[in-house]
Amino acid sequence: MELLKYIILGIIQGITEPLPISSSGHLLIFRELFNTNMFNDLNFETIVNFGSFLAILLIFWKDIVKLVTSFFKYLFSKDKEKKNYLNDFKYCLLIIIGSIPVGIIGFIFKDKIESIASVKEVGIALIITAIALFIVKNCNGKKKDNEITYKDAIIIGLFQMAALMPGLSRSGMVLVGCLLCGLNKESSLKYTFMLYFPVSVAAFGLSMVDVINTGIDSSLILGYGFGLVAAFIFTYLTYNWLSNIVKNGKLWKFSIYCLIVSLFVLIYFR
């Protein structure tokens with residue numbers, strides 16, 4: 001039964017991580033509903049988050065290799081060759097710029113942000129997410145990857161920074177920012193998850209320091225492993241589902257879902 005619980009938690013993480021519904025918010029809700037210490041296990045949360053990270057890394061592996069390779073080729077190639085790598089180099093800069101706001105605020109206020117998390121705040125945050133997703137339901141921008149501006153990157157980065165509020169979906173807020181800046185659906189989805197990598201690497205690095213300091217009980221390794229695998233599989237599958245929903249302009253469905261969950265939380269935990 002304990003092993004099954006870890007698998008279920010991994011599945012929850014895997015399903016909610018890519019979707020614009022806040023994975024951390026859902027884990028907090030489940031913790032309060034079932035009153036179990038498993039949801040307070042930060043080591044386990046770090047492990048399953050890493051499973052989701054690996055899945056998204058696999059999905060975008062070719063894009064990442066191409067971007068990183070072009071970035072360094074632009075830096076070290078001769079002037080006449082730089083134009084071949086300019087677009088990818090600029091895109092890398094856009095990722096860096098878009099990651100700066102959340103990096104600064106997250107690093108400075110990490111402990112404070114974590115300490116104020118509560119299930120009622122998650123309920124309120126889900127209402128905000130629902131409204132934001134509903135606002136962009138008819139957005140149909142035209143900008144492609146190479147047409148994103150530095151101004152767009154800053155604005156989208158601020159949306160990602162706002163998602164530090166407990167319960168606000170990072171992917172949801174970034175998608176909203178992308179669509180409001182006029183990006184087309186495919187470019188919005190790609191940029192949303194490209195911004196995911198710097199944040200995740202930094203968060204995982206900081207979390208691993210805590211994991212190393214506290215250690216992992218050997219009796220939990222099997223459960224953690226199954227949870228990681230479950231998170232990996234379901235993140236991969238769920239991203240493909242999300243991709244189809246975004247491309248078909250059906251984000252409003254998540255708006256309804258977030259509203260229903262938020263009302264349940266605010267009524268049940270009043």
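Using only Cα atoms, tell me the angle between helix 42-59 and the longest principal axis of the chain; keep it within 0 to 90° and round to the nearest 10. Roughly 30 degrees, rounded to the nearest 10. Only one item in (i) 45; (ii) 16; (iii) 28 matches percent of Cα pairs over 35 Å apart derived from the coordinates shown, and that item is (ii).
Pairs from the table (90/253; 90/250; 62/253; 80/142; 151/185) lying more than 28 angstrom apart at Cα are 90/253; 90/250; 62/253; 80/142.
Rounded to the nearest 10 degrees, the inclination of helix 2-16 to the longest alpha-carbon principal axis of the chain is 40 degrees. The string of couplings for segment 187-203 from the Karplus curve (6.51, -1.76, 1.60, θ = phi - 60°) is 5, 4, 5, 5, 5, 4, 8, 5, 6, 5, 5, x, 5, 5, 4, 5, 5 Hz, one whole number per residue in order, with x for Gly and Pro.
Relative to the longest principal axis of the Cα atoms of the chain, the long axis of helix 119-135 lies at roughly 40 degrees.
Here, each number is a calculation from the coordinates, and none is a lab measurement. As the structure is a prediction and not an experimental result, all values here were calculated from the model.
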